[in-house]
Amino acid sequence: MPRRPLALLVALSALLLALTVPATGQVRTIRPGMSAAGVDLSGLTVPDAAARLDQQLAPRLQGPMVLGAAGRPWPLTMAEAKLKLDSTRTAKRALYAKAGVTTVAPAITHSRAAVRDFVTRVAARVGKAPKNAAIKITVRHIFREKSHNGRALPIDTTRAAIDAQIDDPAAPRKVHARLVRVRPRVTFANLARVYNTVLTIDRPNFKLRLFKGLKFRKGYGIAVGMAGLETPGGFYRIQDKQVNPAWHVPNSAWAGALAGQVIPGGAPNNPLKARWMGIANGVGIHGTAEDWSIGTRASHGCIRMHVSDVIDLYPRVPVGSPVLIR
């Protein structure tokens, strides 16, 4: 008798195990009503669903992405973008989707670096650098060239739009990017500030001209360097300014017994009268007691002016002002 209950217990255990463990080889299928990007995957196994996605969805993803910029279409092929559809992963998403979910996003990837390179290439083709305002200084005029705005493709926002659309099968694969204005670094207003004061020295005509805000304001008669001690030509700036300057006599033969000495400002034998505006290498603009020399080549390289004129000019010219000598 004891053997019969034991046999019955073993039989019941085997039955319960059979009910709780699925039969060997059982295959799960995707529940009805499930799809990915419009492809119906109902009742399919993962391999079959992946095959259907490769057949129906993959071809739809191969069309180029078209970027519209500067009135032209710029295509990006999916081979260049390195787009890939992982059909098996998409099928598994459908298989393991939560209850109530009827569609899953396809597993699509692409190279963001490739998109970045593409947008950068297009930006180089459609962009235009801004033109800075510029001036050309002559002894009589200051010629002005206006600035012009440039244009540029907004790279970051364009990249983001393309990246988003490539991975979305429902997106139209078209992105229109409006070019943005790029302002020049130097404008006319900048020029007027930078070149607020300009002096030009017209040696052949013995004329100093003062320009303010890029416009001629006043002219003065001058004397320039004599033969052998010519006033040097070129583009300079006012280096320093002094009232009643001392004269540091150069060690030159023409200075005679005064060579190397310092003659105090205002001294009778100091030829630098009233004001000094230094230019370079000991050359500067100063007043002179020899009014007869104005309009001649009489100095030792400096620019001489009537005392009244140099006093008038002095407060109008800041240190750093450009000086063109021709």
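The values are calculated or read from the model by the stated rules, or taken from the named source; none is laboratory data. Nothing here was measured: the structure is a model prediction, and the numbers come from that model. All Cβ positions, glycine included, derive from the backbone under ideal geometry; neighbour counts span all protein chains shown. Accessible surface is based on the protein model in full, side chains and every heavy atom, while ligands, DNA and RNA are left aside. Shrake-Rupley method; radii C 1.70, N 1.55, O 1.52, S 1.80 Å.
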Note the full-extension length gain between PHE216 and ASN269 as 0.36 nm times their separation in residues minus their Cα-Cα distance, in nm to one decimal. 15.6 nm
Note to self: with every protein chain in place and a 1.4 Å probe, the chain gives an accessible area per residue in Å² of 57 Å²
Residue by residue through segment 271-286, what is 3J(HN,Hα) from phi via Karplus (6.51 cos²θ - 1.76 cosθ + 1.60, θ = phi - 60°)? Round to whole Hz and write x for glycine and proline. x, 8, 8, 6, 9, 9, 10, x, 10, 5, 6, x, 8, x, 9, 8
For segment 109-245 the mean separation of alpha carbon contacts under 8 Å (6+ apart) over residue count, i.e. relative contact order in percent, is 19 percent
Cα-centred dipole magnitude for the chain, charges only on beta-carbon of K, R (+1) and D, E (-1), debye, nearest 20: 720 debye
Under 10 Å, Cα contacts only: if you run a Gaussian network model on the chain, which one of VAL194, VAL122, VAL262 comes out with the highest mean-square fluctuation? VAL262
Give me the percent of accessible area attributable to carbon and sulfur for the chain, probe 1.4 angstrom. 56 percent
LYS82: which lysines have alpha carbons under 24 Å from its alpha carbon, excluding same-chain residues fewer than 8 sequence positions away? LYS92, LYS174
Under the span-like rule (Cα at least 24 Å along the axis, Kyte-Doolittle mean at least -0.5), DSSP H helices of the chain: 3-20
